[in-house]
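Heads up: the structure comes next, in structure tokens.
The values are calculated or read from the model by the stated rules, or taken from the named source; none is laboratory data. Computed from a predicted model, the values in this text were never measured in an experiment. As a convention, Cβ positions derive from the backbone with ideal geometry for all residues, glycine included, and neighbour counts pool all protein chains shown. Just the protein is used for accessible areas: all its heavy atoms, side chains included, with ligands, DNA and RNA removed. Shrake-Rupley method; radii C 1.70, N 1.55, O 1.52, S 1.80 Å.
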Amino acid sequence: MRLTWYGHSTVWIEDSGTRLLTDPLLRDRLAHLRRRRGSTPRLPGAPDAVLVSHLHADHLDFASLRRLPPDTALVVPAGAGRVVRQALGAAAARRCTELAVGDRTTIGRVTVAAVPAAHHAGRGPWSRHRAPALGYLIDGRLRTWFAGDTGLFDEMAGLGPLDLALVPVGGWGPTLGPGHLDPAGAAEAVRRVAAAWAVPIHFGTFWPVGCERVRPDRFFGPGDDFARHAEGVSPGTRVRVLRPGESVAVRRP
């Protein structure tokens, strides 16, 4: 299995000949956020499907979805199809497969199952749309957990054991609100799911204009901090900290 991290929560995953793209944020500006590290993503081709974890604008970005081929399948949380219809039209909504926790779908030669995430269900204070946040388990040659955005939750141990965890370790600003993992929490997460490999995501890419001088440790540090915490609490997990645009091949031990 091979993956490329394009920054934030955008990961290109190739497993068993199936190509998946998670929470695509393919542009360099989103509201007050700017891409501060890595270049504009250039995908190696068309994904077989996009996995959207929740409604927040930095994860369900309609401008990025418009850059993908118009027949790209979308896997979204149950209830998110209404938001997609409103923003992208009826044709895009028909491409949506809506999943609730426990649901699964087959894409190419992999199975994708929706699993819990402890994160806010809304899109933002300006929107009345809601859909429960999800993570996804991808079963192909490897068993991969894309956590989306989440805090720790009681059912987390039931997801493992895993070959690979794509786990959020930070955010896009100097503070983290509820429903997020910091490096120590992310290390505890990979311990709970018994991940053989872990790649930290959701850090060190986007930052508010002018804030790179405020708590730069929160921008650059979370990946390496996570690796140190994981070595202490989950020594059986091999951590690979990537830079935006960097790829890695993962094999079952």
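May I have the extent of the alpha carbons of the chain along their three principal axes, as whole Å values ordered from largest to smallest?
Ordered largest first, the chain gives principal extents of 49, 43, 35 Å.
Count the net charge of all other residues whose Cβ sits under 13 Å from the Cβ of residue 85, scoring Lys and Arg as +1 and Asp and Glu as -1.
Here the charged neighbours net out to +2.
Any idea which of 39, 3, 20 is furthest toward the positive side of the dipole for the stretch 1-50, if Lys and Arg beta-carbons carry +1 and Asp and Glu beta-carbons -1?
39
Using modelled backbone amide H atoms (1.01 Å from N, in-plane), which distant-in-sequence or interchain residues come within less than 5 Å of residue 7's amide H?
When sequence neighbours closer than 5 places are left aside, the close amide H contacts are 245.
Can you give me the relative contact order of the stretch 1-106 as a percent, contacts being Cα pairs under 8 Å and 6 or more apart?
Reported as a whole number, the value is 20 percent.
For the pair residue 128/residue 71, report the inter-label distance in nm, with labels modelled 7 Å from Cα in the Cβ direction.
Modelled inter-label distance: 3.7 nm.
Pairs of alpha-carbon atoms within less than 8 angstrom and 6+ residues apart define the contacts here; what relative contact order does the stretch 51-192 have, in percent? Please report the intermediate quantities before stating the final value.
Details: 264 pairs, mean separation 27.6, N = 142.
Relative contact order of the stretch 51-192: 19 percent.
Given +1 on the Cβ of Lys and Arg, -1 on the Cβ of Asp and Glu, and no further charges, what dipole in debye does the chain carry about its Cα centre, rounded to the nearest 20?
Details: 33 positive and 23 negative charges, 139 e Å.
The dipole magnitude comes to about 660 debye.
Whole Å is fine, so just give me how far the alpha carbon centre of the stretch 201-219 lies from that of the stretch 145-190.
If we compute the Cα centre of each part, the gap is 19 Å.
With the cut-off at 1.5 for a/c, could you classify the stretch 133-253 from its C-alpha gyration tensor as rounded, prolate or oblate?
On the way: a/c = 1.80, a/b = 1.58, b/c = 1.14.
The shape class here is prolate.
For residue 165, list long-range residues whose amide hydrogen, built 1.01 Å from N in the peptide plane, is under 5 Å from its own amide hydrogen.
The answer is 145, 197, 198, 199.
Restricting the count to DSSP beta bridges whose residues both fall in the chain, what percent are antiparallel, rounded to a multiple of 5?
Just about 60 percent of them are antiparallel.
What relative contact order, as a whole-number percentage, does the chain give when Cα pairs under 8 Å and 6 or more residues apart are counted?
Worked out over the chain, it gives 21 percent.
Evaluate E = 1/(1 + (r/R0)^6) for residue 90 and residue 243, where r is the Cβ-Cβ distance and R0 equals 41 Å; express this FRET efficiency to the nearest 0.05.
My answer for the efficiency is 0.55.
Of 195, 220, 178, which is farthest along the charge dipole of the stretch 168-253 in the positive direction, counting Lys and Arg as +1 and Asp and Glu as -1 at C-beta?
195
Out of all DSSP beta bridges with both ends in the stretch 1-148, state the antiparallel percent to the nearest 5.
On the way: 26 of 36 bridges.
Once the DSSP bridges in the stretch 1-148 are tallied, antiparallel ones form about 70 percent.
Once ligands and nucleic acids are excluded and a 1.4 Å probe is used, how much of residue 172 is accessible, expressed in Å² to the nearest 10?
Estimated to the nearest 10 Å², residue 172 gives 100 Å².
For the chain, what does -39500 (n - 2.57) per DSSP helix run (n ≥ 4), summed and divided by total residues, give at 222 nm, in deg cm²/dmol to the nearest 500?
One gets -4500 deg cm²/dmol as the mean residue ellipticity at 222 nm.
Quick one: net charge around residue 252, please, counting Lys, Arg +1 and Asp, Glu -1 for every other residue with C-beta under 12 Å from its C-beta.
Net of charged neighbours comes to +2.
In the neighborhood of residue 110, defined by Cβ-to-Cβ distances under 13 Å, what is the net charge if each Lys or Arg adds +1 and each Asp or Glu adds -1?
Local charge sum for residue 110: 0.
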